[in-house]
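Throughout, read-outs are computed from the coordinates displayed, never taken from laboratory work. What you see is a predicted model; the values in this text were computed from it and never measured. All Cβ positions, glycine included, derive from the backbone under ideal geometry; neighbour counts span all protein chains shown.
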Amino acid sequence: MSPFLVFVAGGLLLAAAMCLLRIGRGPTAPDRTVAIDILGTLMAGFCCLLAIWTGQDFYMSIAIAWSLVSFIGTIALAKYLEGRQYDE
């Protein structure tokens, strides 16, 4: 594994730890929602890193699916916190 990939993995782990800290200690629900959204993006980054490291291309498909599910979940949670129904 190249030193650059190790550096990127360390950065992603540090960012994920900070997101988990914000999820646990977040003063408001919107803060936690943003941290969950960022954590989903970081997980897609981990999948991309795995695709580069192993040479397997299906990790990229997982990253794309993960990003879409994370986006839809964040939108649904934001609508819930706003108090509106899903069809409005």
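With only Lys, Arg, Asp and Glu charged, each at its Cβ (+1 for the first two, -1 for the last two), find how big the charge dipole of the chain is about the Cα centre; round to the nearest 20 debye. Spell out each step's value before the answer.
Working: 5 positive and 6 negative charges, 55 e Å.
Here the size comes out at about 260 debye.
Order 7-19, 44-56 from most to least packed using the mean count of other Cβ atoms within 10 Å.
Highest to lowest by the protection proxy: 44-56, 7-19.
I need the shape label for the range 3-82. Rule: rounded when a/c is under 1.5, else prolate if a/b > b/c, else oblate, with a, b, c from the alpha carbon gyration tensor.
oblate
Pick out, from TYR59, CYS19, LEU81, the residue whose Cα sits farthest towards the positive end of the charge dipole of the chain, with +1 on the Cβ of Lys and Arg and -1 on the Cβ of Asp and Glu.
Highest projection toward the positive end goes to CYS19.
Counting helices only, and only those DSSP H runs with n ≥ 4, report the 222 nm mean residue ellipticity of the chain as the sum of -39,500 (n - 2.57) divided by its residues, in deg cm²/dmol to the nearest 500.
When only DSSP H runs of four or more count, the value is -30000 deg cm²/dmol.
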